[in-house]
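This report refers to the structure that appears directly beneath it.
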Amino acid sequence: MRHYYVLLDDSRISRNIEPLNIGLLNTPFVRMVPAQVLDVHAKAETEYTDWLPFSASQPLLSDPMKRILELYNTQARFKQMYIVDREYKRQELYWIPHVPDLDVISEHTEYYPHNQTLKHLVLDSQKVRGHHFFRLSNVREPYFIVSLDAAESLLRRGLSGFRLQKVELSHEEA
């Protein structure tokens with residue numbers, strides 16, 4: 001039995017990083033320059049986690065997290081984002097992911113009728129076979145999905161800033 005998980009922000013972490021030019025993350029990936037700088041204001045003791053959710057639709061990944069996830073999807077593309085805190089003279093390399101969208105939602109998925117956002121996500125076990133890191137297509141909100149293999153790789157390396165929420169799989173077998 002295969003397992004899949006949604007990558008979510010770990011809200012238990014108080015990052016205290018305030019982006020000063022967040023508009024950079026609203027630019028479509030194809031129009032972004034290959035490397036850019038995001039100025040931030042942070043405290044001296046701020047933890048720069050491996051998953052930075054400055055924007056729900058466009059999280060930033062640390063270099064170690066990017067190196068792992070790109071192994072699980074060779075179609076994924078990344079652009080550099082340097083997080084710079086000028087006050088404390090700190091600079092960290094992050095990556096903006098562009099992960100292919102997959103139509104893998106099962107007919108058993110439930111939506112809220114008033115806005116068509118997901119109420120209960122169910123992935124089609126046949127359609128997700130062989131995929132390890134992707135985004136869901138045909139949904140209003142962004143969902144980054146990882147397989148058990150990819151999730152274990154992230155956890156073994158002690159990466160931080162995210163949590164994993166198990167996703168239900170449909171059990172129809174062809």
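Worth a mention:
- Selected residue (criterion: surrounded by the fewest Cβ atoms within 10 Å (Cβ to Cβ)) from residues of the range 25-50 that are among the polar types (S, T, N, Q) and out of contact with any strand residue (DSSP E or B) (no Cβ under 8 Å at 6 or more places or on another chain): 26
- Pairs are defined by a Cβ separation below 7 Å, a sequence spacing of at least 6 or placement on different chains, a first member in the range 103-115 that is within 11 Å of residue 169 (Cα to Cα), and a second member that is surrounded by 10 or more Cβ atoms within 10 Å (Cβ to Cβ) and among the acidic types (Asp, Glu); the pairs so defined are 104/124; 105/124; 106/124.
- Residue that is modelled with the lowest pLDDT [pool: residues in the range 142-152 that are under 26 Å from residue 47 (Cβ atoms) and either touching a strand residue (DSSP E or B) at 6+ places or on another chain (Cβ under 8 Å) or surrounded by 19 or more Cβ atoms within 10 Å (Cβ to Cβ) (or both)]: 142
- When residue 136 is tested against (1) loosely packed, with under 15 Cβ neighbours inside 10 Å; (2) out of contact with any strand residue (DSSP E or B) (no Cβ under 6 Å at 6 or more places or on another chain), only condition (1) is not met.
- Checked against (1) closer than 19 Å to residue 143 by Cβ; (2) surrounded by 13 or more Cβ atoms within 10 Å (Cβ to Cβ), residue 67 passes all but condition (1).
The values are calculated or read from the model by the stated rules, or taken from the named source; none is laboratory data. Since we're looking at a predicted model, the values are computed, not measured. So basically every Cβ, Gly included, is an ideal-geometry build from the backbone, and we count neighbours across all protein chains shown.
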